[in-house]
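The values are calculated or read from the model by the stated rules, or taken from the named source; none is laboratory data. Computed from a prediction, not measured in an experiment: that's the story for all the values here. Neighbour counts run over all protein chains shown; Cβ positions are idealised from the backbone, glycine included. These accessible areas exclude ligands, DNA and RNA; they are computed on the full protein's heavy atoms, side chains included. Shrake-Rupley method; radii C 1.70, N 1.55, O 1.52, S 1.80 Å.
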Amino acid sequence: MNEKRYDVVVVGSGAGGGTVAEALAPLVRQGKKVLVVEQGPRLRLEELSGRELEMAPALYEDDGGFLTADGTMTLAFGRAYGGSTVVYTGTSMQPPERVVRGWGVPGLDHSDLDRRARRFAGDNNVHLLDEGLLNENNRLFVEGCRKAGYRAEQFPINVKGCKGSSLCNLGCPNGAKQGTHQVQLPAAERAGVEVVTRAEALRLEERVVVLRVSARPEGGKGLPSEWAPGDYRVAAGVVVLAGGAVGSPALLLRSRLPGLSGRVGEGLTCHPAHILVGEHPREITNDVGHPKSFFLDRAAREGFVLETCMYFPFTTAKNLAGFGAPHSTLMRAFRRLQMILVLACDKAVPGNRVSVDRAGKPVVHYRFTRETVAALVRATRASARIFFAAGAIRVHAPSADPPLVEPGDSARLDERISERHFLPGKISVSAAHLMGGCGMGRGPEDSVTDSFGRVHGLPWLRVADSSLFPDSLEINPYLTIMALADRVAEGVVSDLSELGAGSG
Amino acid sequence: MTEMVESTFGPVRESFRALAATIVPEAVSLDADAWDEVERIVEDGLAARPAAIRRQLRLFVRLLDLLPVLRFGKTFRSLDPSRRTAFLLGVQDAPVLLVRRGFWGIRTLVYMGYYSRQEARDAIGYRADARGWEGRR
Ligand SMILES: Cc1cc2nc3c(=O)[nH]c(=O)nc-3n(C[C@H](O)[C@H](O)[C@H](O)COP(=O)(O)OP(=O)(O)OC[C@H]3O[C@@H](n4cnc5c(N)ncnc54)[C@H](O)[C@@H]3O)c2cc1C
Ligand code: SF4
């Protein structure tokens with residue numbers, strides 16, 4: 001076993017880990033050693049081909065098809081230098097005050113999060129896309145909302161030189177999306193923070209990260225690891241977990257550290273989502289242009305959010321319910337399709353959690369509560385109204401049976417689209433906003449960390465990612481994650497002086 | 001990668017193709033090379049999955065082929081297209097979650113094999129590429 005020593009080791013390089021890496025970079029100038037450990041590869045821009053078959057295995061855990069334990073939902077999360085920020089769409093939302101207040105975490109103040117998130121929005125070039133760059137898929141959403149009595153809002157997005165290739169979720173081939181792989185990690189590395197890729201943290205021991213560095217598989221995408229393949233014991237003054245809402249609880253659970261809260265893994269939420277499709281009588285611009293420019297926020301009143309979206313052929317096929325001629329007909333109408341992503345604002349409930357199997361691999365247990373199903377159904381009905389108001393001639397709704405809804409059904413949408421047709425295992429549900437598992441709170445009986453991500457009972461260990469959320473955020477989460485991670489980094493700086501950690 | 005791993009659907013190829021052609025009716029007109037491509041994509045996609053899962057999927061395809069004997073007196077492969085569809089509609093709505101999930105898994109693999117091919121992308125008119133708007137003007 002190789003031995004190394006750092007002052008701080010950060011596990012994971014996504015929204016949380018990348019933020020911590022950059023925030024700690026000034027420490028390097030003071031002689032401290034900071035390491036980021038990332039299990040995924042570092043991809044070169046020219047390797048981002050925009051093809052589902054190549055990019056999904058290169059960038060996502062389980063090729064983007066990570067299934068919950070009962071197989072009824074697919075979870076999408078990244079596994080690369082930059083984590084899920086390499087594949088996210090870049091919509092950049094401020095933390096909602098109503099939600100943060102509702103969490104009731106002692107010491108967590110909305111205005112503090114908001115201020116930090118605004119700073120990252122500036123760093124990441126967050127802005128509204130020029131009207132001339134909006135495609136018809138997005139414009140029809142705005143028009144449909146207006147005619148159906150809703151007010152769509154424009155998403156601020158974090159792009160620089162976006163060409164509108166519509167491939168954001170397969171990694172931006174133009175380097176336009178300002179994820180941590182593009183902004184925070186390169187800045188941290190320039191300042192002397194080390195990043196080791198293809199390095200999986202296997203377990204934690206007291207102030208030690210045990211990790212395995214893998215060789216680049218033959219023919220695989222990405223650069224080889226910065227370190228020689230093999231197993232390493234890395235001693236650290238402070239360890240920061242930023243492996244995401246699945247990775248961080250899983251690592252803690254397989255480490256079995258004495259004194260850890262029994263809440264680890266609990267409280268997982270994920271904004272379960274459906275992809276809905278409306279067929280128009282004419283071709284529209286849909287697979288060109290930034291895919292996600294507008295949203296409709298009904299979280300407070302109706303428990304859902306609608307977002308524009310556009311997916312790739314296989315992802316679309318998989319998410320449309322059914323099979324055979326009706327499914328094929330819709331696929332052949334691809335150029336006439338408008339798409340809406342509906343997200344339910346689920347709540348943390350007992351049983352929805354991360355565990356690990358005997359091999360230490362994460363297992364996600366998730367059951368749809370009645371409230372979540374009802375929110376998805378309400379969201380689907382609202383989307384159907386929006387599609388028809390925008391001129392669609394048919395709407396595909398997974399919670400309708402048969403799933404194709406015609407304009408003639410408009411008057412009886414409540415009957416056509418209903419909870420009784422939401423049959424788990426039959427219809428596709430997916431989620432990309434994974435939250436919770438190491439929630440913040442008062443003490444070990446109700447949470448895993450305090451409001452600065454410090455793990456209760458383990459002063460050398462902090463968490464700085466989406467797993468900190470005590471409940472769902474009810475809006476796209478990355479800026480809030482960065483704001484939380486920035487607070488954690490602040491805590492690390494004070495830990496280092498308190499713990500008097502030294503590097504060797 | 002596939003050479004090193006035992007083929008998942010090789011031993012049940014005819015049943016798999018009958019299912020695939022019911023799930024995506026256009027698959028009936030695929031030539032031998034196109035079928036090979038569909039199957040290679042599916043096998044590659046499964047290569048990294050645990051052997052137990054691959055065995056379960058193969059068993060499920062076998063079951064789907066045999067179960068219609070109880071209702072129609074014929075295997076799935078021997079049914080006409082409308083009966084194949086009727087049978088799979090029943091499987092899709094089965095009261096048992098495990099059965100619905102199994103079918104969802106098979107249809108997902110078929111869609112992956114079929115729609116990841118360039119030919120299918122072209123056929124449905126999907127054109128996204130890195131040049132974005134520049135490529136369309
Ligand atoms: C397709 C998609 C689209 C999205 N779009 C948006 C959007 O538009 N706006 C928005 O706000 N949010 C979006 N999100 C969500 C957002 O990307 C995530 O919420 C956010 O990136 C999570 O940050 P994180 O740091 O918790 O985890 P991640 O960003 O997922 O990073 C975790 C990293 O840790 C690594 N890791 C895990 N375990 C280990 C280990 N044991 N050893 C070493 N490394 C490990 C992983 O490989 C990964 O790279 C999207 C997500 C997806 C998947
Ligand atoms: S739409 Fe813009 S940000 Fe998205 S992949 Fe294309 S160029 Fe990149």
Per the rule of 0.36 nm per residue minus the C-alpha distance, extending A:ALA191 to A:ARG233 adds in nm 12.7 nm
Looking at the stretch A:425-452, residues buried by 30 Å² or more relative to their chain on its own, accessible surface at probe 1.4 Å, turn out to be A:GLY425, A:LYS426
Counting only protein heavy atoms and rolling a 1.4 Å probe, one gets per residue an accessible area for the stretch A:390-476 in Å² of 31
Computed from the beta carbon distance with a Förster radius of 25 Å, FRET efficiency for A:HIS365 and A:GLU153 to the nearest 0.05 stands at 0.15
Carbon plus sulfur, as percent of the 1.4 Å-probe accessible area of the stretch B:10-136, comes to 56
The percentage of the accessible area of the stretch A:140-211 (probe 1.4 Å, all protein chains present) made up of carbon and sulfur atoms, to the nearest whole number, is 43
Once both label points are put 7 Å beyond Cα along the C-beta direction, the A:GLU205-A:ALA411 separation in nm becomes 7.4
Measuring from its Cα centre, the stretch A:57-166 shows a charge dipole (+1 at each Lys and Arg Cβ, -1 at each Asp and Glu Cβ) which, in debye to the nearest 20, is 380
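Hey, if we sort A:LYS318, A:LYS4 by accessible area with the 1.4 Å probe, largest down, what's the order? Walk me through the numbers on the way to the answer.
Numbers: A:LYS318 30, A:LYS4 75 Å².
Result, largest first: A:LYS4, A:LYS318.
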Among A:SER410, A:LEU211, A:HIS110, the residue whose Cα sits farthest towards the positive end of the charge dipole of chain A (+1 at Cβ of Lys and Arg, -1 at Cβ of Asp and Glu, taken about the Cα centre) is A:SER410
Residue span A:ASP130 to A:LYS160: 0.36 nm per residue of separation minus Cα-Cα distance leaves a gain in nm of 9.6 nm
Between chains B and A, total accessible area buried, probe 1.4 Å, no ligands or nucleic acids, nearest 100 Å², roughly 3800
Ranking B:THR85, B:PRO68, B:GLN118 by how far each Cα lies towards the positive end of the charge dipole of the stretch B:10-136 (+1 on Lys and Arg Cβ, -1 on Asp and Glu Cβ), the top one is B:PRO68
In this structure, the FRET efficiency calculated for A:GLU445 and A:GLU419 from their beta-carbon separation, with R0 = 41 Å, to the nearest 0.05, is 0.70
Distance in Å, no decimals, from the C-alpha centre of the stretch A:407-442 to the one of the stretch A:228-280 is 24
Taking Cα pairs closer than 8 Å and at least 6 residues apart, the relative contact order of the stretch A:40-98 in percent is 30
Excluding near-sequence neighbours (fewer than 8 apart on one chain), the protein assembly as shown holds lysine pairs with C-alpha atoms under 13 Å apart numbering 5
Ratio for the stretch A:370-417, C-alpha Rg to 2.2 N^0.38 Å, reads 1.04
With the 8 Å Cα cutoff and a minimum separation of six or more residues, the stretch B:10-136 has a relative contact order in percent of 32
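Using just the Cα positions, wrap the protein assembly as shown in a convex hull and report its mean projected area in square nanometres, one decimal place.
27.0
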Stretched fully, the stretch from B:ARG62 through B:ASP93 gains (0.36 nm per residue minus C-alpha distance, one decimal, in nm) 9.3 nm
Once Lys and Arg are counted +1 and Asp and Glu -1 for all other residues with Cβ under 14 Å from that of A:VAL305, the total becomes 0
P(r) of chain B over all Cα-Cα pairs, 5 Å bins starting at 0, rounded to whole percent, reads 2, 9, 18, 21, 18, 14, 9, 4, 3, 2, 1, 0
Whole-Å distance linking the alpha carbon centroid of the stretch A:299-358 with that of the stretch A:460-484 is 23
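Express the accessible area of the stretch B:10-136 per residue in Å², computed with a 1.4 Å probe while the remaining protein chains stay in the model. Mind dumping the intermediate values first?
Values: 6010 Å² over 127 residues.
Each residue of the stretch B:10-136 exposes 47 Å² on average to a 1.4 Å probe.
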Convex hull around the C-alpha positions of the stretch A:79-178: the volume in Å³ per residue is 142
To the nearest Å², the heavy-atom accessible area per residue of the stretch A:236-344 with 1.4 Å probe amounts to 24
Of all DSSP beta bridges with both partners in the protein assembly as shown, the antiparallel percent, nearest 5, is 70
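Rounding to the nearest 20 debye, state how big the charge dipole of the stretch A:420-473 is about its Cα centre with +1 on each Lys and Arg Cβ and -1 on each Asp and Glu Cβ.
Around 240 debye, computed over the stretch A:420-473.
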So for R0 = 30 Å, FRET eff. of A:ARG44-B:GLU6 from the Cβ-Cβ r, to 0.05, ends up at 0.35
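With charges only on Cβ, +1 for K and R and -1 for D and E, what is the dipole size of the protein assembly as shown about its Cα centre, in debye, rounded to 20?
720
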Heavy-atom accessible area of A:GLU371, protein chains in place, probe 1.4 angstrom, given in Å² to nearest 10, is 130
Restricting to Cα pairs under 8 Å and 6 or more apart, the percent relative contact order of the stretch A:179-268 works out to 24
Taking the dipole of the stretch B:10-136 about the Cα centre (Lys, Arg +1; Asp, Glu -1; charges at Cβ), the one of B:ILE41, B:ALA52, B:VAL96 that reaches farthest to the positive side is B:VAL96
Rounded to the nearest 10 Å², the 1.4 Å probe accessible area of B:GLU43 is 30
Rounded to the nearest Å, the spacing of the alpha-carbon centers of the stretch B:1-73 and the stretch A:1-56 is 39
With Cα coordinates, the longest principal axis of chain A makes an angle with the long axis of helix A:110-123, in degrees rounded to 10, of 90
Across 5 Å bins beginning at 0, the whole-percent shares of Cα-Cα pair distances in the stretch A:171-232 come to 4, 15, 16, 19, 23, 16, 5, 2, 0
Rounded to the nearest 10 Å², the accessible area of A:THR372 using a 1.4 Å probe with every protein chain kept is 10
Yeah, the stretch A:412-504 with a ≥ b ≥ c from its alpha-carbon gyration tensor (a/c under 1.5 is rounded, else prolate when a/b outruns b/c, oblate otherwise) is prolate
